[in-house]
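One structure is given below, encoded as structure tokens.
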Amino acid sequence: MNQSAGRYLILAGIVVMLLGILVYFLHDKLDWIGKLPGDIRVEKENFRLYFPITTLVLFSLLLNLIIFLIRRFFS
């Protein structure tokens, strides 16, 4: 492994740690995740379907923005 791969691993660990701290302390404030307009939720007596389309798109955009910023400022 080279030095830049180690730098990315450290940065990824810091991001995961910060996300964990955020979820730990703000779990009651983050109940909107998965309940956005556009998320498909079907609940019947013996069947449950949950497909969070809008939440997935939102997280994808956020992750792409983070990766873009990391590449721009740390490369």
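Values in this text are rule-based calculations from the coordinates and carry no lab data. Just so it is clear, the structure is predicted and the values come from calculations on it, not from any experiment. Heads up, the Cβs are rebuilt from the backbone with ideal geometry, glycines too, and the neighbour counts pull from every protein chain shown.
Which chymotrypsin sites (Phe, Trp or Tyr not before Pro) from the chain combine a DSSP loop assignment with at most 10 other Cβ atoms within 10 Å?
Trp32, Phe47
How high is the FRET efficiency between Leu18 and Tyr50 when r is their beta carbon distance and R₀ equals 22 Å, given to the nearest 0.05? Walk me through the numbers before you get to the answer.
On the way: r = 27 Å, r/R0 = 1.21.
Rounded to the nearest 0.05, the efficiency is 0.25.
In deg cm²/dmol and to the nearest 500, what is the mean residue ellipticity at 222 nm of the chain if only DSSP H runs of at least 4 residues count, each as -39500 (n - 2.57), divided by the residue total?
-21500 deg cm²/dmol
Which label belongs to the value computed from this structure, given these candidates for Rg and Dmax of the Cα atoms in Å: (1) 16.9, 54; (2) 34.3, 118; (3) 13.9, 42?
Checked against the structure: label (1).
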